[in-house]
Each structure stands twice: as C-alpha cells, then as structure tokens.
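The values are calculated or read from the model by the stated rules, or taken from the named source; none is laboratory data. In this text the structure is predicted, and so the values were computed from the model without any measurement. So basically every Cβ, Gly included, is an ideal-geometry build from the backbone, and we count neighbours across all protein chains shown.
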Amino acid sequence: MRPNHTLRRCQGLLLLAVCVVFLSCDLSLGQQSNGTDLPPDAPKPASAEAKGFFARWAEFYRQDWSTKSASSPAAPSSTPERRGLPSPLDSPPFPNSDWSYGGSPVIGEPDTNSYPLMTAINQARSRTKLYGWIDPTLNFSTSSHSNAPEANDDHANRLEMNQFVLYAERLPDSVQREHMDWGYHLTALYGTDYHFTTAKGYWSGQLLNDHHEYGFDPALEYIDIYFPQVGQGMNVRVGRFISIPGIEAQLAPNNYIFSHSLLYAIDPFTDTGLIATLKLNEQWLVQLGITGGHDVALWTPDAKPSATACLSYTTKSVNDNFYVCANGINNGKYAYNNLQQYDGTWYHRFSKTWHMASEAWYMYERDVPALGGTIQPETGANAAHCLPGEQRCTAPEYAAVNFLQKELSPHDFLSFRSDFLDDKKGQRTGYATRYSENTIMWCHWIGSTVQIRPELRFERAWDTTAYDNGRRHDQFTAASDLIFHF
C-alpha cells in the first residue's frame, strides 16, 4: 500500500476512535449522570437548545468577540472552589494561570473551561470535551533555504499550516478529596509541526523514511487516575505524554511565543510510560516515573527502561516557583533520542503584570557514532563531531533561556526571550557551535478564541556557518501565527 493511503487510513481510524470514545462518554444532550459528573450550574438556556448546532456554534463566537472580557462567554456563573494556593497569573492573556509542571493536570484546579464546539454540541454540559484549534503561520527570513535549527517555522519564507489539532479530553476532579476519579486525553495533530512531535514507532515512517513536509501524529494518548487521599492528592498518568520538564510545549496555545527557543528545538518531545505526581502540600510537589525513553514507542528496539524524577516548590506568596527534573535517565548509550536530561526552571513574579520564566538544562548521549566514521547513525539522528580517530564519543550540550512578560491588558501581553545553546559536538543541530537567539513578540486575543502572535527574531551561530543549510552565521525572521480555537 502506498504511504499516503496508509496515512489516510490511520487518520481515519484515530478519528473514528475519538468519536466512539466521545459518544460513549456522558455527551448526550438531554442526559446527565450523577452530581460529580456535571456542574450543578451548567447553563441550560432554552433559547440555546432551540437553536441548531451551527447556530449555537456561531452564537458562541458572536458573544465571545463582542464581550470586553477575554473570559469565555459560556463559563458557568459560579465554579467549584480552587484547592491550594491562588493562581499567580491571568489566563488569558497568558497561556497558563499557574506555574506549570508536566505529566499531570493542576491538582486542586477545577475544570471550568468551555469551548465553542462543546457549547454547540450540548451547551458544555459534559465533562468529556471535544475541542482544538487551527494554527496557520507566516514567516519572512534572511535565509533562503531553511530556518533550522529554529522551530517551529523551520521552512523559510513560507505560509503554512503548522497545527490542526483535535482533542478529546476528560479531566479528573482533583478538587474533591472523597473518591478516586479518572480522566483521559487523545490528540490528533496534523501539519508541519509533526516534525517536532513524532516519536519512533508511532507512524514515524512518514517523517524518518519518506520525509513528508506535512504529516499526522497521535501526539498524546493517556489516562489519568486521581487518588485523593494520598498526600494532598496524587495523579497517575499512563500512556504517551509530553516530556515533562520545561517552559515550552509542543501544542501551540501552551507557549508564550509562536516560534520556539533553540533550547526547546533539540530537547525531548514526548515519552511513553507512567508518571506519578504527588502533591505533598500547598507548596511541595514530587514526581516519579518510568518510561521507555524519549521519543520512542515501547515496542521499538530503541526503547529501554528510563527513570524520571522531579521536585517542585512554590513560595507561599506564589511569586516564585522552582522545578527541577532528572528526565529519561538510563545508561545513556546511543539510541534514538536517548538523551540524559537534567533540567531546572525558575518562575518569578515581579508584580501583577510582570513576570519571568527561566530554564537551563544539560543533556548528553554516550557512544554516539562519529561523523564520517564507519558506524552509521540512527535514521533521523545526526552523528557527532568526535575527535580525529574516534569512532564513537560522548556528545553533550547545554542551554539556557529566559522569558520576560508584561501584561498590557486582559487581551494583550509582550514577551521577550533570550536563548543560548552550546551544541558541543553538533549531534543535535548538525553543527558544533554556540548559538544565541533574541525574540520579541506581542500576543493579542480576540475574545477568548483567537490569538495573533507577531514576532521579530535574531539569532547567530558563533563558531561556524550553521544557518540556511550551512551558508550563514546570522538569521533574522519576522513571523506570526494565528490560533483559531474551536
């Protein structure tokens, strides 16, 4: 069978599975389950029920774009009380209201989100939610052939569809502490950004073998089980999830800036396995997990048992958060993206409208094949610039990034990012050089459903010509994306 036929069949099967799960859960328009499944104040406007599906969908956007607030027009008038420290940030305009950690929903945070599609389906009455976004992008670059190692607009001077994403999701109720609860998440992603989410073994041939510009990736599939009486609540996630450390994430709305830092572009993307997140008290949180390694399915030869351990501390004022992780730790021997990662982030709030997020990491792989040697590297991975005569060597890299944010209004914020990367053996980018990058971006919301994020970015490779496929030391880009939520 030709690869494009296989891809379409896989897409169809996944979307069918999403629909089956979606319909099998509590989504019936006129049907409700017990009080723990549905908010007691879920909106039930008779006039809305009388309208058709597309009329309700259009009405959501009409209200959303006409309101002066960035909050959803379909949000309940009263919500369950948050359990824990107050949220430090406003969201919108920022991507998150809490200092983020991976591998778990925010324990103690009620699910109050309403989405246009779910409002059209059943007035947002169910805990299972179907939603997503479309993210077209445009960039102008001084490079002619490629913007790499920039991500996610690595194609120079292009208008393209970075992400078309569909979520099916049910969040566990982690506010209550009376009974176990559960949730799940399924993601279908199509676009050029599948380059930055693909894991070996998850239909990866479209990228690693066929080098398709556009592709499909079931980026996230996991279940959550919440245990309320362990500490202040513990969530256990099983499946494929985003590699947990770091400020940035693969899904477009979860980031301050449209383009990604150099630090992000080369670190792990997704892991498959188990991660337990335990809230010890309002300030301390610990995570322990075991996975098959980074960016590989458990059934591939590259998979190997790998440990993850993280610790998070938030001050009582919520002005500071420190989050440190040892991620995907095993013997460190060369395999597909078998990165040994040690990561630390620090979030600091200067005032109600100013905050920063800083991150630094060190990564390495051992026994990486030498460039030009007799040992062939993995498909989709680079060799290392080893010393003359070496057939293998250790390939380390370290990086740091800082984001500085200013909230201008409930609809607007500015972000400035400075980024440094030293790819010492060139194993991650293909060039053994130091890089620097500076970006300024303005994010503007239209209601709570449309984001526009124009940016200006300048970066440099200091030791060799690493940009535009090895032709340039420097690169300047002007770019923007537009996220349309549905």
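For region 162-177, check the following and say yes or no: at least one residue is surrounded by fewer than 18 Cβ atoms within 10 Å (Cβ to Cβ), basic (Lys, Arg) and within 30 Å of Leu280 (Cβ to Cβ). Looking for residues that are surrounded by fewer than 18 Cβ atoms within 10 Å (Cβ to Cβ), basic (Lys, Arg) and within 30 Å of Leu280 (Cβ to Cβ), one finds at least one in region 162-177, hence yes.
Would you confirm, using the coordinates I've provided, whether Asp423 is free of Cβ contacts under 8 Å to residues at least 60 places away in the same chain and acidic (Asp, Glu)? Working first, answer last.
Details: free of Cβ contacts under 8 Å to residues at least 60 places away in the same chain: no; acidic (Asp, Glu): yes.
No, not satisfied.
Listed by first and then second residue, the pairs linking a residue in region 178-206 that is closer than 22 Å to Gly132 by Cα to a residue that is assigned to a helix (DSSP H, G or I) and polar (S, T, N, Q), with Cβ atoms under 9 Å apart and 6 or more places separating them unless they lie on different chains, are Ala188/Gln11; Tyr190/Gln11; Tyr194/Gln206; Thr198/Gln206; Trp203/Thr6.
For region 403-420, check the following and say yes or no: at least one residue is of a type in the set (Lys, Arg), modelled with pLDDT of 95 or more, more than 27 Å from Asn209 (Cβ to Cβ) and crowded, with 23+ Cβ neighbours inside 10 Å.
Looking only at region 403-420, we keep the residues that are of a type in the set (Lys, Arg), and these are 406, 417.
Next cut, modelled with pLDDT of 95 or more only: 406, 417.
From the residues that got through so far, the ones that are more than 27 Å from Asn209 (Cβ to Cβ) too are 406, 417.
Filter once more, so that each one left must be crowded, with 23+ Cβ neighbours inside 10 Å: 417.
Scanning region 403-420, I find at least one residue that is of a type in the set (Lys, Arg), modelled with pLDDT of 95 or more, more than 27 Å from Asn209 (Cβ to Cβ) and crowded, with 23+ Cβ neighbours inside 10 Å, so the answer is yes.
Could you count how many residues in region 214-227 are within 30 Å of Glu178 (Cβ to Cβ) and either buried (at least 20 other Cβ atoms within 10 Å of the Cβ) or under 22 Å from the mean Cα position of the chain (by Cα) (or both)? Break it down into steps so the answer makes sense when it comes.
Within region 214-227, the subset within 30 Å of Glu178 (Cβ to Cβ) is 220-227.
From the residues that got through so far, the ones that are either buried (at least 20 other Cβ atoms within 10 Å of the Cβ) or under 22 Å from the mean Cα position of the chain (by Cα) (or both) too are 220-226.
Within region 214-227, residues that are within 30 Å of Glu178 (Cβ to Cβ) and either buried (at least 20 other Cβ atoms within 10 Å of the Cβ) or under 22 Å from the mean Cα position of the chain (by Cα) (or both) number 7.
Restricted to region 446-462, and to residues there that are crowded, with 21+ Cβ neighbours inside 10 Å and either in a strand (DSSP E or B) or aromatic (Phe, Trp, Tyr) (or both), the residue that is farthest from the chain's Cα centre (by Cα) is Ala461. Please go through region 157-182 and give me each residue that is within 25 Å of Phe196 (Cβ to Cβ) and among the β-branched types (Val, Ile, Thr), ordered by number. If the condition is that a residue be within 25 Å of Phe196 (Cβ to Cβ) and among the β-branched types (Val, Ile, Thr), then Val165 is the only one that fits.
Restricting region 279-288 to residues that are touching a Phe, Trp or Tyr at 6+ places or on another chain (Cβ under 9 Å) and surrounded by 16 or more Cβ atoms within 10 Å (Cβ to Cβ), the residue that is farthest from Pro245 (Cα to Cα) is Leu285. For region 469-486, the set of residues classified as among the hydrophobic types (A, V, I, L, M, F, W, C) and over 21 Å from Asn254 (Cβ atoms) consists of Phe476, Ala478, listed by residue number. Residue count for region 455-467 under the criterion of being in contact (Cβ under 8 Å) with a residue 40 or more places away in the chain and either of a type in the set (Phe, Trp, Tyr) or over 21 Å from Ala395 (Cβ atoms) (or both): the result is 4.
All of (1) surrounded by fewer than 18 Cβ atoms within 10 Å (Cβ to Cβ); (2) within 29 Å of Asp422 (Cβ to Cβ) hold for Asn113 with one exception: (2).
In region 352-397, of all residues being free of Cβ contacts under 8 Å to residues at least 40 places away in the same chain and among the β-branched types (Val, Ile, Thr), the one that is farthest from Thr429 (Cα to Cα) corresponds to Thr374. Screening region 190-246 for residues that are part of a loop (DSSP other than H, G, I, E, B) and hydroxyl-bearing (Ser, Thr, Tyr) and picking the one that is nearest to Gln340 (Cα to Cα) gives Ser243.
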